[in-house]
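I have placed the structure first, in the form of structure tokens, so that the comments after it can refer back to it.
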Amino acid sequence: MNKMVLIGAIMAGLLVFTAVIAPALTKYDYRAQNLSERLLPPGARHIMGTDELGRDLFSRMVYGARVSMIVGVIAVLISTIIGLLIGSIAGYFGGIIDSTAMRLVDVMLTIPTLFLILMMVVFLGPSIINIMIIIGLTSWTDIARIIRAEVMSVKKTAYVDAARLIGLGRARIIIRHILPNIMGPVFVYMTFGISGAILTESGLSFLGLGVQPPYPSWGNILTAGKDYISTAWWLVLFPGIAIFMAVFSCNIMGEGLRDRFNPRIKD
Amino acid sequence: MVCITGLKKSFIAQSPSHGRIKAVMAVDGVSFEIPGGRIAALVGESGSGKTTIARCICGLETPDSGEILYNGAPLVFDTKDKRRMVQYIFQDTFSSLNPRMKTGEILGEPLIFHFNLRGGALEEEKILLLGSVGLSGAVLDKYPHELSGGQRQRVVIARALSMRPGLLLADEPVSSLDVSVQAQVLSLLKELNEARGLSILFITHDLRVVKSLAHDVIVLKEGKIVEKGKVEDVFLRPGQDYTKLLLSCVPGAAPGPGA
Amino acid sequence: MGPNQAAIISVKGLSVDYITGPVEKLHALRNVNLEIAAGESAAIVGESGCGKTTLAYSLLKLGPKNSVLSGDIVIDGISIGAAKGEQLRGVRGKTAAMIFQDPGESLNPVFTVFQQIKEAVNAHMSPVPDDGAMRLLARGMLKDAGLDDAGRVLNAYPHQLSGGQQQRVMMAIALSCAPKILIADEPTTALDVTVQAQIIKLLLSLKKEHNLTLALITHDLNVAVMLCKRVVVMYAGEIVEDGMISGIAQAAHPYTHALFDIIPDMRSGRREFRAIPGSVPDLRYPPAGCGFEPRCPRAREKCKRIHPEMEAGARCFFPYETRRIE
């Protein structure tokens, strides 16, 4: 296990841990407003300070971590499943099926993703579930292409030929012989996908199109925070660092995994 | 037993020197027979079409034209039983086994698919198969990368044998193995032919092996048959210049200059 | 090698370990001693895992990063272990050139043949010839390597050439700086048999013409004997036999004997295959006695316990009787 994967995994692990035991960590309700304690800097009673409605920032941050985690993981799962379906069918069958699938990918790529996401949110309404699904539905093109390329290359191997020589059906060949051997690059992609999804969700929430108040998301904490940047720096700094850490840990894990899965070049 | 007539197969290839796309005639009208119970060696250099011919016979490629008859009937793999009849052993021992499957599962797959073996009967058959290729049951739990080249090749042979084929196509099965191990695998193939009457089409570029292993030899050059016949005849009295050239180039065929 | 001839390659007590785990080591080479005189040709033969490739690469300090070397290697008077930077580069390519098994992989696919010859010459010659002179030089080298349409080949990219042509180009590049030593790692293994015969012929003539010292690494005994009078046989990381061997009659060590024995004989009517039973020892745990003992038909109790040293050219307590040609 190389260093990068380890560091990334530890950082991500910490974030996940805090998210999971959120209730145990917070003595304040993240929704509890206390207008007499607005905009308090970090101190003994509120370790990250309070926001513009007197809510404890630390509690909101920790629950916000849950949002980021869930959205990140589920959105990526959705996009990976779509990518697997399209990519493996295109890669295995080739010919007209492949061309059609690739044209579909091309069409998806011509539509500006951000615009598409925004449109969908406006039409379907902002909510955590909608956001996960929307992000998942709009980010499968990269993984589909990667899987298609991997499937095409594995298809040429002798062991796939051997499976055909046994007379096994196509589904069995794809599921038992091809897919298990392409998972390396897929895991790498998924890791990067999580950080991308977290960023997208944060962005949407920041714009007010993601998680709606009073539910906290690092992005919507920043929405309010931006107005108080010069006076209540903690409202910007902490969510900013959190987003940075989440994205950084996923990316560094992804880089480490990518190195590990690459065929080693002899010195 | 196997009768091939007028086999032709071409591929679209991009010519490396001109960047033009053109059709390459890999196999250009090849006809020969493999009598039942005999070992025929298909000999040629790279580009001679020998692998393509084998892939056409076992159904991995579809020929452009020509006829392949198995025991008099056209060879079409539309039923499970027909699929079993012709099996293939690859050159690269490493890539012919799924790196994510243990040997036990690799051997089990054809046994379950063709003969519906389960439980105790399945395990028994696996051990028998391993025994017939000289391996012990200990390899069942291992992944391909945990086995040596010679062991892997035997697993490949066991997998092919599990389906009780009538014809075994062996494409340079020992080229990637050490010399001392080659002999072990070749002996095995010979034994399978003698004990079970298994017909083998053995593809190789190494003429040293042909002499000791094969009954018949077919010499290929650039997709066409140059010469064919019984090994003793062709090796002792080669009719064609190309055959003579091949024989003279075999290292050790003539006393070396050893400067 | 006679006592009067100076050794141009001198290997003393060379041991190479590959670090394969936190405490695990693969002892790829164990105390290898080898001397090759200037102008001599020696074939280093053995099967995979015997250490021949490790030995060849160690000569020019080309081992992988996880290898640990101990012992001395001296090439043309220069100690390789101590050599660094400029001095090491001088040995590589100028004193000793190396050609490899797969020419397709060793030639840079994005440069033409001319550009690659130019790069090699520029690295070692001074003053550097100008383009015109370089072309002439390059054409000459390619012609020497048996390439008749040198003009076309010079402007071609490696993938536009056949395997045999690529190997000739490799040899031309290797010889471009007039090295004294040529190390050839399985130069014919990836080639068709007719091309192989041509390359063997070429190697023989180039060797003579340039008075090269040749270290040939191969697993093919027939090829070894065709190119070299002296054969060095390796097994389990050690040299087990070293002498003028041209056939089974000169094979003293049982492993060498077995290697010659199992070659299918083209001329005889023999139809059964002889094999060497067993397999090579795991060099993470080298045996205390003789490495070949478990597979040896002549092995006795002593062989298991005591590690044999080289005696009269063979590392064996019970070698075969031989008819040596000195």
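Read-outs throughout are calculated quantities, based only on the coordinates presented, and are distinct from any laboratory measurement. This is a predicted model, so every value here is computed, not measured. All Cβ positions, glycine included, derive from the backbone under ideal geometry; neighbour counts span all protein chains shown.
Details
- Rounded tilt (10° steps) of C:113-124 against the dominant C-alpha axis of chain C: 80
- If you take the Cα centroid of region A:159-188 and the Cα centroid of region A:204-239, the two points sit 47 Å apart.
- Cα shape, the protein assembly as shown, gyration tensor, a/c 1.5 rule: prolate
- Where a label projected 7 Å from the Cα of C:LEU136 along Cα→Cβ would reach, residues of region C:171-186 with amide N under 19 Å: C:176-178
- Electrostatic dipole magnitude of region B:2-249 [Cβ: Lys, Arg +1; Asp, Glu -1; Cα centre; debye, to 20]: 200
- Length-normalised contact order for chain A - Cα pairs under 8 Å, 6+ apart - percent: 26
- Considering only alpha-carbon pairs that sit under 8 angstrom and 6 or more positions apart, the relative contact order computed for chain C is 20 percent.
- Compactness index (Cα Rg / 2.2 N^0.38 Å), region C:7-228: 1.02
- Of C:GLU86, C:GLU309, C:GLU186, the one that fluctuates the most in a GNM where chain C has Cα springs shorter than 10 Å: C:GLU86
- If you take the Cα centroid of region B:78-141 and the Cα centroid of region C:144-194, the two points sit 44 Å apart.
- Sequence-separation-based contact order of chain B, relative, with Cα cut under 8 Å and 6+ spacing, percent: 26
- MRE, 222 nm, helices only [DSSP H, n ≥ 4, -39500 (n - 2.57), over the protein assembly as shown, to nearest 500]: -14000 deg cm²/dmol
- Residues C:ARG274 and C:LYS25, FRET efficiency given R0 of 41 Å [Cβ-Cβ distance, rounded to 0.05]: 0.75
- Anisotropy class of region A:201-247 from Cα gyration tensor, a/c 1.5 cut: oblate
- Helix axis angle, B:149-161 relative to chain B longest principal axis, alpha carbon, degrees: 80
- Under the simplified labelling scheme, the C:ALA38-A:ILE129 pair shows an inter-label distance of 8.7 nm, with each label point 7 Å from Cα along Cα→Cβ.
- A:ILE21/A:PHE244 FRET efficiency (R0 30 Å; Cβ-Cβ; nearest 0.05): 0.85
- Across chain B, the longest piece that holds none of the trypsin sites (Lys or Arg not before Pro) lying in DSSP loops with up to 12 other C-beta atoms within 10 Å covers B:119-259.
- Three-way shape label, region B:140-201, alpha-carbon gyration tensor, a/c 1.5: oblate
- In nm, spacing of pseudo-spin labels at C:MET310 and B:ASN71 (7 Å Cα→C-beta vector): 6.1
- Label positions at B:GLU123 and A:LEU14, each projected 7 Å from the Cα along the C-beta direction, are separated by 4.9 nm.
- Between region C:1-57 and region A:61-110, the C-alpha centres lie 53 angstrom from each other.
- Of the residues B:GLU227, C:GLU105, the one with the fewest other Cβ atoms within 10 Å heads the list, and the complete ranking is C:GLU105, B:GLU227.
- Fraction of beta bridges assigned by DSSP in the protein assembly as shown that are antiparallel (%, nearest 5): 60
- Given B:LYS244/C:LYS143; C:LYS52/C:LYS229; A:LYS155/C:LYS25; A:LYS156/B:LYS82; C:LYS61/C:LYS143; B:LYS9/B:LYS102, the pairs whose alpha carbons are separated by over 25 Å: B:LYS244/C:LYS143; A:LYS155/C:LYS25; C:LYS61/C:LYS143; B:LYS9/B:LYS102
- Crossing angle, helix C:163-175 versus chain C [Cα axis fit, 0-90 degrees, rounded to tens]: 80
- Listed residues A:GLY169, A:GLY184, A:GLY196, most fluctuating in chain A (Gaussian network, C-alpha, under 10 Å): A:GLY169
- Using the Cβ of A:HIS46 as centre and a radius below 12 Å, the other residues enclosed give a net charge of +2, where K and R count +1 and D and E count -1.
- Axial C-alpha extent at least 18 Å, average Kyte-Doolittle at least 0.0 - helices from chain A (DSSP): A:3-20, A:57-93, A:95-110, A:141-155, A:183-206, A:234-261
- Reach of C:LYS302 by Cα under 14 Å, taken over aspartates and glutamates that are not fewer than 8 positions away in the same chain: C:GLU293
- Theoretical FRET efficiency, 1/(1+(r/R0)^6), r = Cβ-Cβ of A:LEU118 and B:ILE12, R0 45 Å, to 0.05: 0.50
- Net charge dipole size for the protein assembly as shown [Lys, Arg +1 and Asp, Glu -1 on Cβ; Debye, nearest 20]: 520
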